[in-house]
Amino acid sequence: MSPATTIPSTAPDAPPRSRRPLTLVAVLLAVFVVPMSISGTAVALPDIGADTHAGLAPLQWVVNAFNVAFACFTLVWGSVADVVGRVKAFAAGVTLYAAGSLASAVAGDALLLDAARALTGIGGAAIFSCGAAILSTVFEGPARARAFALFGTVAGVGVAVGPSLAGALVQGLGWRWVFAAHAVALLLVLPVVPAIARAVPVHGGGGRIDVPGSALFVVAMVLLTTAIVQGSQWGWGSPGVLGLLAGALAALAVFVAVERRSAHPMLDLGVLRERRFLGLCLVPVAASFGFVTLLTYLPSYLTAVTGRDAGTAGLLMLLLTAPVLVCPMVAARLVGRGVRPLTLIGLSLVCLVLGDLALTLLSPSAGVLVLAAPMLVTGAGMGLSAGLVDGQALALVDPAKAGMAAGFLNTLRLGSEAVAVAVYGSALATVLGRRVSDGIGGGGYPVAGNAARVAEQAAGGDLAGAAALSGATDRTGFAGFLTRAYDSAFHSVLWGLVAVGLVLAVVIAALLRGGRDTEGVVGASR
């Protein structure tokens, strides 16, 4: 961080205030579309499969291709933005996203659709990394806190409304319009790029793009994310998955060695020596384990164990997602009234741990009131830090490296989400498999040799299908047994989430200990 020197707003490189609102709206519109695609595409998969006659693997990669590309290129785009300029990189990302969405809308088969979705993911990585860096550059002090609060709120709204909007488009116009709508929204952003360029002080143009480091990082992330995606299908101990993980570790080791010797590294390893920055970057990791896993798997528990239908379960999930829409702006208001941002970030971690802990009280007969409190608290844990942590983390970094820092933060955020969801699903299937194997033996349940397949089917929440797959003579009795086994396995994995949350909270607290809030630091160093 450069020495504190106050530059008045009339300085040549100060962002014109009149263009700040337009810049904010354009960035937020682009940011809104990306999580909508992440959460909404899955709704269209049945219709895509029926239309393209795709098999299971190509159909799954309609979602996975986007997620893998997004995770691989987030840090790369952040580094590129610091060299060529973050507005140019943002515009390139918007263009790629729009082009990929249009290609997805007209794709004639699943393989072409997978390739188009990968291109879209590359563009989405640029939007998130460069959008956050632009906001960090344009806004200062309380205005930055409000901008990043809106950033977190809009991303949360995109996740929340993605499935509903996609479902309406699929039902009314067909699955292709899910992707066409994303392209239309992004095409509205491109005409605003010149105004954004005039609002953002010039950064970039120095140094060179780290091609070897970027290539090594992409290879490592492709191997790692592919191992995570395929782990549940191939088996976590299979030679294929172990080989992918070993390759990822080797590529990362070479990447670190190359970056240490590079004059213009993609990732400045010196940034990671700033313990407060590293601590703040771990906050989204805690949210991935404490919140995103439940966002993915709690609906299955509500339908499979408590007996609620899908519509009721969807409505109940609003108890988990509603705080994500409200709390970022609440946090911004509290900061504006003098509450320390680090205090709110600490409170968010406490809420995540307490919320997950309270969810262990769930039972098959749990009423709405029993569900409401832990779900609202967990959602608040996610919402209080959303956006706020980005502003605090980027304020610790030299403004010239804001793109790289935003890329690293979002790489940890998105990568940890993929890891957390995959690990949770694998743990649930493993524990449930043991419960099924231990509970089988007589009583009309002759499926000991088929326990793994039954557990895998049940882990997805399809207890009726698992009961049919079992071949048990007493289907009703076996279905009741599976319900009890699923409930027990779910609670065991919840305790694991609580343990992970506690460990991360302690580590983050240690890294942030003695730190001070950073809004004033960045405002002074502009």
Hey, could you check the stretch 19-62 for residues that are of a type in the set (Ser, Thr, Tyr) and under 25 Å from residue 126 (Cα atoms) and say which is modelled with the highest pLDDT? 23
Looking for whichever is assigned to a helix (DSSP H, G or I), among the β-branched types (Val, Ile, Thr), surrounded by fewer than 24 Cβ atoms within 10 Å (Cβ to Cβ) and within 23 Å of the chain's Cα centre (by Cα) here; the options are 370, 377. Which one fits? 377
Based on this model, can you work out whether residue 172 counts as without any contact (Cβ under 8 Å) to a residue 12 or more places away in the chain, over 24 Å from residue 67 (Cβ atoms), out of contact with any strand residue (DSSP E or B) (no Cβ under 6 Å at 6 or more places or on another chain) and not polar (S, T, N, Q)? yes
Restricting attention to the stretch 302-310, does a residue exist that is open to solvent by less than 40 Å² (accessible area, probe 1.4 Å), closer than 28 Å to residue 495 by Cα and within 22 Å of the chain's Cα centre (by Cα)? no
Can you name the condition, by its number, that residue 320 falls short on among (1) on the phi > 0 side of the Ramachandran plot; (2) under 23 Å from the mean Cα position of the chain (by Cα)? (1)
Answer with yes or no whether residue 313 is part of a helix (DSSP H, G or I), of a type in the set (A, V, I, L, M, F, W, C), modelled with pLDDT of 85 or more and surrounded by fewer than 20 Cβ atoms within 10 Å (Cβ to Cβ). no
Conditions (1) over 24 Å from residue 141 (Cα atoms); (2) modelled with pLDDT under 85; (3) crowded, with 19+ Cβ neighbours inside 10 Å; number of the one not met by residue 328: (1)
Taking the stretch 223-266, which residues are surrounded by fewer than 19 Cβ atoms within 10 Å (Cβ to Cβ) and of a type in the set (A, V, I, L, M)? 242, 245, 246, 249, 250, 252, 253, 254, 256, 257, 258, 263
State which residue pairs qualify: first residue under 22 Å from residue 190 (Cβ atoms) and inside the stretch 29-48, second residue modelled with pLDDT under 85 and not in a helix (DSSP H, G or I) in any location, beta carbons under 8 Å apart, and separation of 6 or more residues or different chains. none
Would the stretch 161-177 turn up any residue that is at pLDDT below 80, under 26 Å from residue 381 (Cβ atoms) and surrounded by 21 or more Cβ atoms within 10 Å (Cβ to Cβ)? yes
Test residue 407 against the stated conditions and say whether it is open to solvent by less than 10 Å² (accessible area, probe 1.4 Å), closer than 19 Å to residue 287 by Cβ and at pLDDT below 85. yes
Within the stretch 94-150, restricting attention to residues that are aromatic (Phe, Trp, Tyr) and closer than 18 Å to residue 182 by Cα, which residue is modelled with the lowest pLDDT? 128
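The values are calculated or read from the model by the stated rules, or taken from the named source; none is laboratory data. Bear in mind that the values here come from a model prediction, so they are computed numbers and not experimental data. Cβ sites come from the backbone with ideal geometry, for glycine too, and all protein chains shown count toward neighbours. For accessibility, only protein heavy atoms count, side chains too; no ligands or nucleic acids. Shrake-Rupley method; radii C 1.70, N 1.55, O 1.52, S 1.80 Å.
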